[in-house]
């Protein structure tokens, strides 16, 4: 059955998992949304902190190849995939979601770092 309305945030669940060990995270969809919103605020704050590190990393790069740092990208993708795999039992496919997210995230950060790179100047050597 399909509906054209959003679920009631205060309503009772209408489905259940068949896994007897599943532990619900909240009593209502509204409660889950509150938790998700709080997590999103933390995630954005952490990404902003990461962005400042990316910006500062620009000071150590000599050229556009070093800005893109393909070997470092591969390390990051492998690392976050491995971190996510530790949670695969509760959310199968999470490693794919995380890697895909990081590929988009890193592409955006590289574009930003490229702009910052062009706003820097080489420190003269003596």
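The values are calculated or read from the model by the stated rules, or taken from the named source; none is laboratory data. What you see is a predicted model, and the numbers here were worked out from it, not measured in a lab. Glycine gets a Cβ as well: all are built from the backbone with ideal geometry, and neighbour counts include every protein chain shown.
List of remarks:
- The helices (runs of 4 or more DSSP H) found wholly in segment 15-96 and carrying at least 3 residues that are touching a helix residue (DSSP H, G or I) at 6+ places or on another chain (Cβ under 7 Å) and farther than 18 Å from residue 112 by Cβ occupy 70-85.
- Residue check, residue 104 within 30 Å of residue 118 (Cβ to Cβ) and either modelled with pLDDT of 95 or more or part of a helix (DSSP H, G or I) (or both): yes
Yes or no, residue by residue, for (1) touching a residue at least 12 places away in the same chain (Cβ under 8 Å); (2) over 30 Å from residue 124 (Cα atoms):
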{"residue": "28", "(1), (2)": "yes, yes"}
{"residue": "33", "(1), (2)": "yes, yes"}
{"residue": "38", "(1), (2)": "no, yes"}
{"residue": "71", "(1), (2)": "no, no"}
{"residue": "77", "(1), (2)": "yes, yes"}
{"residue": "97", "(1), (2)": "yes, yes"}
